[in-house]
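A short worksheet on the structure shown next.
The values are calculated or read from the model by the stated rules, or taken from the named source; none is laboratory data. Because the structure is predicted, anything quoted here is derived from the model rather than measured. Glycine also receives a Cβ, built like all others from the backbone with ideal geometry; neighbour counts cover every protein chain displayed.
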Amino acid sequence: MLDIQLLRKDLPAAIAGLKRRGFAFDEAAFLKLEGERKSVQSRTEELQGKKNTLSKQIGMLKGKGEDASVAMAESTAITDELKANETKLAEIQEKQSAFLRVVPNIPRADVPDGKSEHDNVEVRRWGTPRKFDFKPKDHVDVGAGLGGLDFDTASKLAGARFSVLKGGVARLHRALAQFMLDVQTREHGYTEVYVPYMVTGECADGVSSLAKFKEDLFKIEGRDLYLIPTSEYPVTNFVRDTIVDAKDLPMKFACHSPCFRSEAGSYGKDTRGMIRQHQFDKVELVQIAHPDKSTEAHEELTRNAEAILQKLELPYRTMLLCTGDIGFSSARTYDLEVWLPGQDAYREISSCSNFEGFQARRMQARFKNEKGKTEPVHTINGSGLAIGRTLVAVLENGQNADGSVTIPAALVPYMDGVTVIPAKAGIQPSK
């Protein structure tokens, strides 16, 4: 949620910032609510002053033994109006909060202007795409050749956008999760956590706008619970309604969990394979940081995610998202895009964002600064990585002409020494 003081101090600048990301701020509605608030607050202050004056007057009259009934009656009337004003002010403030909760974050000044993913800016790339002496297959065909990817059975069980993994491919999926957690906890200082796979509406609204994105979530019927679309939802809420001790910052968490997404609005997109599914696994990285350190933390977290791709020897590029492509809560985002030879394209495998104080205000997550005043912490998170898409990348980049798949060296210890997943007997090799 935006800092309302920012809107009060420099509304034109805030409106201009939101316009960069294509959001039309309802200035008239905001000013109307602000006018009502100022009117009620002004009248409240006026009444409080009168009440203080009357209290002194009543004390003086009683001290002299004189009749104070008129002053007391006036004071009672003022008290009644003050109570009514308190109720009215609370209602206005609730309306302002509801108004602000559907307003996105303002992009940082260094976020490039743009309307879509085509306007994102490449920051760096790592690795060289492998040259094949045969036509590389996509992961669907590679996985089928291994006997390890079964979409037909998944469809029978749950419908479209699900998968069943078997044998070596299922083992590879498990190995990737363990490998990612080990790297992040042993080498990068994250604390591993395990969380509920469901959160309340309050938690969901703390990290994003439940009102705007409810259709993207799976709701538990009859309960105020939603299946998590990412473990960012429960992990970031660790600090909800909390005043964190400044000396405990930064807080760094790594969490492996399934993720559930309705994929509302994605009809017709990536219908083949594992790229866009209703259920997938991910290792999420979350940092709770001091505002002065959040830019540094964002860079660090992004590099931590990149380290996984480098250790797996998967070519990728790092993209700085433009104003038209960053998420609702983000002030600045990097996407990591891994090379998929079966698609002859780079595809997103991680999104690393700095939300600054936006989520923290929604959650009332604060710390005491050096002056003893509370202010919002900053929150940063990213995938380290999406396990299903990493599996896709390993299958496509590691495929061989005979249909087998070579395991990246970093994963061999997690596969009990297995270096190659052999093709299933009877499968036609690549040509």
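What to note about this one:
A quick yes/no check of all residues on (1) over 29 Å from the mean Cα position of the chain (by Cα); (2) closer than 30 Å to Ser97 by Cβ:
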position: Gly324; (1), (2): no, yes
position: Glu356; (1), (2): no, yes
position: Ala360; (1), (2): no, yes
position: Phe367; (1), (2): no, yes
position: Leu395; (1), (2): no, no
position: Asn400; (1), (2): yes, no
position: Val405; (1), (2): yes, no
position: Thr419; (1), (2): yes, no
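- Of everything in the stretch 85-97 that is more than 18 Å from Gln48 (Cβ to Cβ) and without any contact (Cβ under 8 Å) to a residue 24 or more places away in the chain, the residue that is nearest to the chain's Cα centre (by Cα) is Glu94.
- Restricting attention to the stretch 10-46 and to residues that are more than 21 Å from Phe355 (Cβ to Cβ) and basic (Lys, Arg), the residue that is modelled with the highest pLDDT turns out to be Lys32.
- Selection within the stretch 230-258 - in a loop (DSSP other than H, G, I, E, B) and within 15 Å of the chain's Cα centre (by Cα): Thr230, Ser231, Arg240
- Residues satisfying the stated conditions in the stretch 343-359, i.e. in a helix (DSSP H, G or I) and over 18 Å from Ser231 (Cβ atoms): Phe358
- In the stretch 411-428 there is at least one residue that is modelled with pLDDT of 95 or more and under 23 Å from Arg347 (Cα atoms).
- Pairs with Cβ under 6 Å, 6+ apart, first in the stretch 396-420 and more than 21 Å from Asp138 (Cβ to Cβ), second of a type in the set (A, V, I, L, M) and outside any loop (DSSP other than H, G, I, E, B): Tyr414/Ala175; Met415/Ala175; Thr419/Val412
Residues are listed down the side, and each one gets a yes or a no for (1) touching a Lys or Arg at 6+ places or on another chain (Cβ under 7 Å); (2) surrounded by 14 or more Cβ atoms within 10 Å (Cβ to Cβ); (3) in the same structural domain as Thr379 (by TED's automatic domain parsing):
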position: Asp3; (1), (2), (3): yes, yes, no
position: Lys9; (1), (2), (3): no, no, no
position: Ala13; (1), (2), (3): no, no, no
position: Arg20; (1), (2), (3): no, yes, no
position: Glu36; (1), (2), (3): no, yes, no
position: Arg43; (1), (2), (3): no, yes, no
position: Lys50; (1), (2), (3): no, yes, no
position: Ser69; (1), (2), (3): no, no, no
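Listed here are the residues, each with its yes/no results for (1) in contact with a helix residue (DSSP H, G or I) (Cβ under 8 Å, 6 or more places away or on another chain); (2) farther than 18 Å from Thr379 by Cβ; (3) at pLDDT below 95; (4) not assigned by TED's automatic domain parsing to the domain that holds Pro376.
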site	(1), (2), (3), (4)
Lys252	no, no, no, no
Ala264	yes, yes, yes, no
Asp281	yes, yes, no, no
Gln287	yes, no, no, no
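- Candidates are the residues of the stretch 360-393 that are assigned to a strand (DSSP E or B) and among the small types (Gly, Ala, Ser); the one that is surrounded by the most Cβ atoms within 10 Å (Cβ to Cβ) is Gly384.
- Residues of the stretch 281-335 that turn out to be part of a loop (DSSP other than H, G, I, E, B), of a type in the set (D, E, K, R) and touching a strand residue (DSSP E or B) at 6+ places or on another chain (Cβ under 9 Å), as a count: 1
- Of the residues Glu91, Glu122, the single one that is part of a helix (DSSP H, G or I), charged (D, E, K, R) and either closer than 30 Å to Leu309 by Cβ or out of contact with any Leu (no Cβ under 8 Å at 6 or more places or on another chain) (or both) is Glu91.
- Out of Asp182, Asp80, sole residue that is among the acidic types (Asp, Glu), assigned by TED's automatic domain parsing to the domain that holds Asn52 and outside any loop (DSSP other than H, G, I, E, B): Asp80
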